[in-house]
Structures are given as structure tokens and as C-alpha cells.
1. Could you please give the count of residues in the range 195-211 that are free of Cβ contacts under 8 Å to residues at least 40 places away in the same chain and over 12 Å from the mean Cα position of the chain (by Cα)?
2. Hey, residue 140 hits all of (1) open to solvent by 20 Å² or more (accessible area, probe 1.4 Å); (2) within 20 Å of the chain's Cα centre (by Cα); (3) modelled with pLDDT of 80 or more; (4) more than 15 Å from residue 69 (Cα to Cα) but one; which does it fall short on?
3. Name, by its number, the condition in (1) in contact with a Phe, Trp or Tyr (Cβ under 8 Å, 6 or more places away or on another chain); (2) within 30 Å of residue 27 (Cβ to Cβ); (3) open to solvent by 40 Å² or more (accessible area, probe 1.4 Å) that does not hold for residue 160.
4. What do you reckon, is residue 41 buried (at least 16 other Cβ atoms within 10 Å of the Cβ), in contact with a helix residue (DSSP H, G or I) (Cβ under 9 Å, 6 or more places away or on another chain) and not basic (Lys, Arg)?
5. Return the pair list, or none, for Cβ contacts closer than 7 Å from residues in the range 97-115 that are over 18 Å from residue 243 (Cβ atoms) to residues that are among the β-branched types (Val, Ile, Thr) and part of a loop (DSSP other than H, G, I, E, B), at least 6 apart or on different chains.
6. If you scan the range 55-108, which residues turn out to be part of a loop (DSSP other than H, G, I, E, B) and within 20 Å of residue 152 (Cβ to Cβ)?
7. Would you check which residues across the range 207-235 are open to solvent by less than 20 Å² (accessible area, probe 1.4 Å), within 17 Å of residue 117 (Cα to Cα) and of a type in the set (A, V, I, L, M, F, W, C) and list them?
8. Here is a check on your reading of the model: is residue 180 closer than 21 Å to residue 54 by Cβ and either in contact (Cβ under 8 Å) with a residue 12 or more places away in the chain or open to solvent by 20 Å² or more (accessible area, probe 1.4 Å) (or both)?
Amino acid sequence: MRVSGRVLFCRTVAYLREVGRKCSYLRMPWDFWVIFFALGVLLPWRGRARMKKLLAMPHVGLMERLVLYASTVAFQWLAVALVGWRLWARGYTAQQLGITFRDRTTLLIAGIVGAAVIATLQWLNLRRVSRIPPESRGPLQAIAERILPQSAVEMPPYFALAITAGLCEEFLYRGFAMAAFAQVGMSAWLAVLVSSILFGLAHSYQGRGGIVMTFVVGLALGASRLAYNSVVPAIFWHSAIDIVAGVAGRRYLKRSATLQAVFLGSR
């Protein structure tokens, strides 16, 4: 019995090792699993809870929005620092993370031109949405009124938030996530898909429509990461979306219009 037990144990261990080699996700480091749990569960929960609290307030004033912007900026940079620490501990390189500037001219042109195109489309979409009757706008009107800047004083802090979101979220979702998935053998486009799902969930405070639209944007940003082997263009594009949302949103909200376009990063 002892011999057969030992044989059974050895065969079981060998089988589990073989399964581990075939199932790439089992090779994901434990600390990366913790990070993905935070990105896929804790972060969406935090965003929804925070938005529920804001919506329960009859009015969100200047100081409340400034605190919201400052705390979000601090939170995102803290997240980047923690993830960067674990990436450094695991030996990831800048090239794996897409933090490369080999062809600076190409990256800058792609980033600036793409940002200009996206910003134009965002602005036109906001103009179109402004014609929607108030009764058809849904809960995003209340969300936009609470998180978007309402005065000139709020614009600089909001711009800092928009740029922070472009930098930090692209590092987390197109840098870290896609690199971690690639490291365990996931195909490039599957990595884009999964990272975009996480990206959409992070904006679940915007409702189902916000999740879907953010997921679609995530696919485009992930595709740019593959096309240029860098997150630089995606940072420009992401920041442009948020900046236009703040500038145009303020203008159209004064006309009692809503903001149903994609709004990224203000959690």
C-alpha cells in the first residue's frame, strides 16, 4: 500500500505539473493575481460605491470636486507605484511594458494626429448628444454634473486628472496587463480583449453603456499598443478623450445637456 500510495502521489504531482504547463494562467505569479483581483473586482466596486455616494448628494460643489480630482490622482499614482514595484521585482523590462521610444517621431505623430482625430469625434458626439431630450438622457446627466468641471477654477485640476488617467491607466491596462498576459503565453489579441474587459469594468460606475463604450475604446487602445509596440500613442489618445469630455461637457452641461460619450479616468 505504501508503494502504491507513493506511486499515486508521484503520478498526481507529475499530472499537475503537466496541467500547469498546458494551462498558462497557472504560471501567473501570485502577486499579479492580487493585482488583477484589484483591477477586476475592488476597483469597480470602489468606483460604484463612490459614485453612489456622490449621486446621493443633492449638490456637489467646488470643494467636493477638487477633493475628488486630487484623491483620484493620488490613488492612480499609488497604484502605478505598487504595480511598478512588483514588475521590477519580477524582472520585467521597459520593452515588455511598452514603455519604449525607439522611433520617437512616429510615436509622436501617431499620438498627436490620433488624439486630434479622437478629440474631434468626441466633440462632435457631445454636440449631437446635446440635442437629446432631457427625459431621454438617463442617469449619466447626474453623473456628469457631479464629476465634470463646472467652473474655470476646476479646469486645471481636471486637466491634471485627465493626463494622470492617460498615463496611469495606460500603464496598468495596456502596459502591465498585456505584458503579464503575454508572459504566460496568451495570444496578443486575447490579451487585448481581456485587458479591455478589465478596463470596461473599471468604468462600471457609468452603467452598462459606459462599460460597453469603454470596452470598445480599450480595444482601440490595445490595438495601438500592438501596432506601435508602445503605450505612448494610447496615452495621447486616452488623455484627449478625457480632456475633451471636461471642456465640452462643461459647455454643454450649461445648456442642460448630458454627457453620454465615453468618459475615462475620473473614478
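The values are calculated or read from the model by the stated rules, or taken from the named source; none is laboratory data. Just so it is clear, the structure is predicted and the values come from calculations on it, not from any experiment. No Cβ is skipped: glycine too gets one built from the backbone with ideal geometry, and neighbour counts run over all protein chains shown. The protein model used for the area step is the full one, side chains on, heavy atoms only, and it has no ligands, DNA or RNA in it. Shrake-Rupley method; radii C 1.70, N 1.55, O 1.52, S 1.80 Å.
1. Residues in the range 195-211 being free of Cβ contacts under 8 Å to residues at least 40 places away in the same chain and over 12 Å from the mean Cα position of the chain (by Cα): 1 in total.
2. Of (1) open to solvent by 20 Å² or more (accessible area, probe 1.4 Å); (2) within 20 Å of the chain's Cα centre (by Cα); (3) modelled with pLDDT of 80 or more; (4) more than 15 Å from residue 69 (Cα to Cα), only one is false for residue 140: (3).
3. Evaluating residue 160 over (1) in contact with a Phe, Trp or Tyr (Cβ under 8 Å, 6 or more places away or on another chain); (2) within 30 Å of residue 27 (Cβ to Cβ); (3) open to solvent by 40 Å² or more (accessible area, probe 1.4 Å) leaves (2) as the failure.
4. no
5. 98/231; 99/231
6. 59, 60, 61
7. 221, 232, 234
8. For residue 180, the condition - closer than 21 Å to residue 54 by Cβ and either in contact (Cβ under 8 Å) with a residue 12 or more places away in the chain or open to solvent by 20 Å² or more (accessible area, probe 1.4 Å) (or both) - is not met.
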